Amino acid sequence: MKKILNLFVAFSTLFVIASCSDVPSPYELVTSDPSAGKTLPYKNTSLSSGFTVQTIAGNAWSQGSTYTQASGYSNGNYTESESWLVSPGIQTGEDSVVLSFDYTIRYGSSLKEAELYEYHQVYISTDYVDDVTTATWTLLPFKPEKSSYSDWTLYPSNEIQIPQEFLNQSKVYIAFVYKCGSTQGATTTWELENFSIKNGVASGGSDEPTIEPKTPIAKGNGTLENPYSASQADSISSTLSSGQTTDEVYVKGYISQINEVEVERYGNAIYFISDDGTTTGQYEIYHGFYLNGEKFTSKDQISVGDTVIVLGKLTKYNSTNEMAAYSKIVYLNGSSTPVTPTPVGGTSYGKVTSIADGVYLIGAITDGSNCVLATNLSSTYSYGWLGATKAIMANNVVTTAETAVTWKFTAVPNTNITYTIQDAQGRYIYMTGTYNSFNVSETQVDGCYWDVSFNNDGTVNIVNVSTGKTIQYSPNFSSYGAYSEVSNVLPCLFLKDTEGGETPVDPTVTGTGTKDDPYSVSKAQSVGATSANAWVKGYIVGYVSGAAIATGAVFGVPTSAETEILIADDPETTDYTKCVPVQLPAGAIREGLELSAHSSYYKQEVSVYGQLVKYFGVLGVKSTSCAIIGQTTIGTEPNE
């Protein structure tokens, strides 16, 4: 728990106007319910009667006859605000208790995911008495989502399990905390209805009061063969700042709690894993997918007690350590061989820097060989944000068997750079109004024309002719939108193989990382920064001058001593994206491999052993302890 002493913070983002419904003027302070704690089940449709409003700054929660709403917008002005809406005291017994409510959050196209969480929070307390700033509050695991609707349709919240320490209490208080900034882009509207707290278990959860501990999961190094334990993942997340993520790693544990398995729309789940199967020290898997990234189709596909290995990025949002959205289970229970990620294969698409009529992928390159492809809207939706799916790029080629990631570009007659874009179902994507999301139509309509131009770095500007907004990938929301300003990741275009045939995995993507079977450079890039030690083989092609490989890659022999080399699969390459930088620590490795002193090593093949981590902003090899070039071994061979 944390003591809330100073609740006035800096706020951020969201465009807001008031609901079409009439709402009474805000109350600055409503007297708290003086009666005894409400008994379970307790419901309150409008969150008005019995709920207390305390405003720290700016606009207050506004309580109506059918709903309660918070907004920083009023009379044409945007006001930096923080306001608390506190329930009456509620009695809890020894049985499990679950909280739910309906809500919508609208506007705020510039709001980042971490800020969305920070500005729409739900807390619980046992010692609140009229002043929220002197009470002790515990953050509950509410994960807000912005509405995809253009009206005031409300979503059901995720069911929230009340923590065990708040059971058997004469009074507990639930607080909804709204915050916003002082500009249009930093303001949201949050509307609530149908508050419900009752005995029960959150959807997919377990009502067992105790779980027998299992044999503890051993610690590992984050690889599939030797995954991190849940406690290791939690420790790594705890070192991150809010919103920061790691590269993808493997984490193993027993499922200890399931908060939600959503099968109607998104097909993902919120669950926890731990080293021994109990809820002690458990680690959250937020909005993760089923085996190999498939959507969940049934709530009983996972159960408390299951053994899983999950592939995803570790992160922290506010004070919550978790695995970020879009993870996937790659091993479930006692199959003899873990289920591995789907191998690269299918149709190949090559990166281009000019455009003609054809079928393309729209993909943002996020880290060397990692590419995030824009996905089509579901056939059941006529508008929304474009989803994102991960793919591996090797030698500027993406190979995928998926079809719902393709886009057909067709030139508009009598124009130079204007195109229509159709999804795999033949629907045209277009924009309308002030929205940053997309609509689809079976026929060409206003707003379906896009100007296409390329930048010097190979990225593409796909600009809607009607709105002037540019298609971009948002890492914070893991989706594609179109925005007036370029503040996210511009994509690249990948043209479908003109032969249209099936292509094998790139032959340069090879190796298992051992001395006898080292990773190729392309394979190391596809494996990513796992922090594991491995052997990598490539040709020495140059070095890095400066702090960034993108601007400092030099292909040739240096005239003075350098502390790193570049290796690549092709000795003739001059493309830094096809290279891995290798650190040369002081001592035997630097003395034996430094390129200015050993110019004959230029374009020679070398195998190096070290840690796969970020280096010069890309996948690299650091803490290099051994190298083999020709018949010469430099440094000390590891015991494998």
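The values are calculated or read from the model by the stated rules, or taken from the named source; none is laboratory data. Given the structure is predicted, the values throughout are model-derived calculations rather than measurements. Glycine also receives a Cβ, built like all others from the backbone with ideal geometry; neighbour counts cover every protein chain displayed. Surface accessibility is based on the protein's heavy atoms, side chains included, excluding ligands, DNA and RNA. Shrake-Rupley method; radii C 1.70, N 1.55, O 1.52, S 1.80 Å.
Applying both filters, DSSP loop and at most 10 other Cβ atoms within 10 Å, to the GluC sites (Glu not before Pro) of segment 213-280 gives 264.
If R0 is 56 Å, what FRET efficiency do you get for residue 510 and residue 280 from their C-beta distance, rounded to 0.05? Result of the calculation: an efficiency of 0.85.
Placing a label point 7 Å from the Cα of residue 379 along the Cα-to-Cβ direction, the residues of segment 429-445 with a backbone N closer than 18 Å are 429, 440-443. Coupling constants for segment 620-633 follow from the phi torsions by the Karplus curve (6.51 cos²θ - 1.76 cosθ + 1.60, θ = phi - 60°), and in residue order they are x, 10, 10, 6, 4, 10, 8, 9, 10, 10, x, 9, 9, 9 Hz; glycine and proline get x.
The dipole here belongs to segment 233-278: it is taken about the Cα centre, uses +1 on the Cβ of Lys and Arg and -1 on the Cβ of Asp and Glu, and is about 20 debye. 3J(HN,Hα) along segment 54-59: 10, 10, 7, 7, x, 7 Hz, from the Karplus curve 6.51 cos²θ - 1.76 cosθ + 1.60 with θ = phi - 60°, whole Hz, x for Gly and Pro.
Rolling a 1.4 Å probe over the protein heavy atoms gives segment 44-138 an accessible area of 30 Å² per residue.
Using a simple spin-label model with pseudo-atoms 7 Å out from Cα toward Cβ, residue 404 and residue 215 lie 3.9 nm apart. In order along segment 282-295, the phi-based Karplus estimate (6.51 cos²θ - 1.76 cosθ + 1.60, θ = phi - 60°) of 3J(HN,Hα) comes to 6, 10, 7, 10, 9, 6, x, 9, 7, 3, 6, x, 5, 6 Hz; Gly and Pro are listed as x.
Per-atom-type breakdown for segment 351-456 gives carbon and sulfur 48% of the accessible area (1.4 Å probe, protein chains only). Looking at segment 56-95, the GluC sites (Glu not before Pro) that sit in a DSSP loop and have at most 13 other Cβ atoms within 10 Å of their own Cβ are 94.
Largest accessible area first, the residues 95, 516 order themselves as 516, 95 under a 1.4 Å probe with ligands, DNA and RNA left out. How many angstrom lie between the Cα centre of segment 542-568 and the Cα centre of segment 441-501? First find each Cα centre; the distance between them is then 33 Å. Inter-label distance, residue 425 to residue 445: 1.4 nm, where each label sits 7 Å from its Cα along the C-beta direction. Taking 20 °C and 1.002 mPa s as conditions, segment 482-640 diffuses translationally at an estimated 130 µm²/s according to Stokes-Einstein applied to its Kirkwood radius (Cα pairs). The Cα atoms of segment 125-167 define a convex hull whose projected area, averaged across directions, is 4.7 nm².
The loop-placed chymotrypsin sites (Phe, Trp or Tyr not before Pro) in segment 220-324, going by DSSP, that have at most 15 neighbouring Cβ atoms within 10 Å of their Cβ come out as 266. In this rough spin-label picture, where each label sits 7 Å from Cα along the Cβ direction, the residue 487-residue 294 distance is 4.0 nm.
Counting only DSSP beta bridges whose two residues both lie in segment 271-334, roughly 75 percent are antiparallel.
Heavy atoms only, probe 1.4 Å: what % of the accessible area of segment 259-333 goes to carbon and sulfur, would you let me know? It is 44 percent, rounded to a whole number.
Database remark: amide H of residue 296 closer than 5 angstrom to the amide H of 268, 290 (H placed geometrically; neighbours at sequence offset of 5 or more, or on other chains; Pro and chain starts carry no H). For residue 72, the residues 5 or more places off, or on other chains, whose built amide H falls under 5 Å of its own are 188. Near residue 306, the amide H atoms lying under 5 Å from its own belong to 255; only residues 5 or more places off or on other chains count, and H is placed 1.01 Å from N.
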